[in-house]
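Scroll down for the structure; my scribbles are underneath it.
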Amino acid sequence: MMHRLGLRLVALPINIPMPETKRKEKPEVSIIGAGRLGTTLAVALSRRGYSILSIVSRRAQSARKAAKLLDGDPPVLAANRLNSLPPADLFLVTTPDDQIAAVAAELSNLEIESKGKPTALHTSGALSSEVLAPLRRKGWNTGSIHPLISVSDSRNGATPLQGAFWSVEGDNAALRLGKAIVRDLEGRSFSIRPEDKPLYHAAAVMVAGNVVALFDVALEMLAECGLSRKTAHSILLPLIASTVHNLETKDPAGALTGSFSRGDVETIKRHIAALKSKKLDDALELYRLLGKRSLKLSKKHSQIERILKSV
């Protein structure tokens, strides 16, 4: 009698070597400009694995302060020693706007060695990559990256950059690198036409620097009410926070509150009289101009518009 033999196949693990995927190396960076943004970017990029090869500043002392915040302790250079720059893949120009053209001209006269084409990115909000034209003519990739944030403390490194929107423009290679940097810093990028950068930056100033100036005017008004600036500062901040919260969920017309939104004619008359009596001319002019804009948003009484025109 024949018996069937029960055969069971057992799968044995076989280690098949997989081809190694080549990890793309991050560019080596030289930072020219050790102000708040330059230092912030140096710290942030260093923490994301970028090698900071050098930091340049008009004053070597500023560059040394920035370098102390980094693990690698990169060499520092004064601005008049740009000819001593070590080779790098990316030159990040974070100087004030009126110095970028001079930096580009000086860099264009240097023989910079790199693994491929060197790239220069500046961080101006108002200038396009055209200001780097001398470098483009020398065969460099050129572009600009600008974070839409307010940087007041460079020691926080990547923290203020997380979630920020960045304006990125330039040639194709510079665009790719700029967008990669923004992703590494956990930001989001967008692009506009180069010729529109001044208007874009003016809009940014309107909701950043000008809001701070407007806050200072409100502090002056409350000082006339007998409050200290410190107290006035404390009581106005929650009001601003609540307004920002409204703007997070509504468009400007829906977020608008207060006398202009309600059309409170008599209240607005009292405001104007109080500003005039205290001779707060700047505050009165701002009240009139911003009030006209509020009326457009609220689509309220023409009577109020006539009152503002008479101020």
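The values are calculated or read from the model by the stated rules, or taken from the named source; none is laboratory data. Bear in mind that the values here come from a model prediction, so they are computed numbers and not experimental data. Cβ placement follows ideal geometry from the backbone for every residue including glycine, while neighbour counts extend to all protein chains displayed. Accessible surface is based on the protein model in full, side chains and every heavy atom, while ligands, DNA and RNA are left aside. Shrake-Rupley method; radii C 1.70, N 1.55, O 1.52, S 1.80 Å.
Things to note:
- Its Cα gyration tensor gives the stretch 44-115 an equivalent ellipsoid; the semi-axes, largest first and in whole Å, are 19, 15, 12.
- Annotation: average projected area of the stretch 171-283 is 10.5 square nanometres, based on the convex hull of Cα atoms across all directions.
- Residues with amide H under 5 Å from that of F165, placed H, sequence gap 5 or more: L148, R188
- Compared with the dominant Cα axis of the chain, that is its longest principal axis, helix 209-223 is turned about 40°.
- Mean Cα-pair separation over length for the stretch 23-157, i.e. relative contact order, pairs under 8 Å, 6 or more apart, %: 25 percent
- Degrees, to the nearest 10: 36-47 long Cα axis against longest axis of the chain: 30 degrees
- Here the stretch 15-147 is described by how far its Cα atoms reach on the three principal axes: 60, 35, 29 Å, from widest to narrowest.
- Once the Cα atoms are used to define both axes, helix 197-207 deviates from the longest principal axis of the chain by about 60 degrees.
- Diffusion coefficient of the stretch 159-224 by Stokes-Einstein, Kirkwood radius over Cα pairs, 20 °C, 1.002 mPa s: 152 µm²/s.
- For the chain, DSSP calls about 20 percent of its internal beta bridges antiparallel.
- For the chain, size of Cβ-based charge dipole, Lys and Arg +1, Asp and Glu -1, in debye: 680 debye
- Carbon plus sulfur fraction of accessible area for the chain, probe 1.4 Å, in percent: 54 percent
- Summing Lys and Arg as +1 and Asp and Glu as -1 over all other residues whose Cβ lies under 15 Å from the Cβ of D196 gives a net charge of -1.
- Between R183 and K299, the FRET efficiency estimated from the beta carbon spacing at R0 = 45 angstrom works out to 0.60.
- The alpha carbon radius of gyration of the stretch 110-261, expressed as a multiple of 2.2 N^0.38 Å, is 1.36.
- Cα-centre dipole for the stretch 166-311 with unit charges at Cβ (Lys and Arg positive, Asp and Glu negative), debye to 20: 560 debye
- Close amide H partners of S51, meaning residues 5 or more places away or on another chain with modelled amide H under 5 Å apart, are V29.
- Average Cα contact separation per residue, the chain, under 8 Å, 6 or more apart, as relative contact order %: 11 percent
- Computing FRET efficiency as 1/(1 + (r/R0)^6) for R262 and V217, where r is the C-beta to C-beta distance and R0 is 30 Å, gives about 0.85.
- Protection proxy ranking of 70-78, 248-256, 131-139, 177-185, by the mean of other Cβ atoms within 10 Å over each peptide's residues and highest first, is 177-185, 131-139, 70-78, 248-256.
- For the chain, modelled as a GNM whose springs connect Cα atoms under 10 angstrom apart, the maximal fluctuation among E285, E266, E106 occurs at E266.
- For the chain, the equivalent ellipsoid built from the Cα gyration tensor has semi-axes of 50, 32, 19 Å, listed from largest to smallest.
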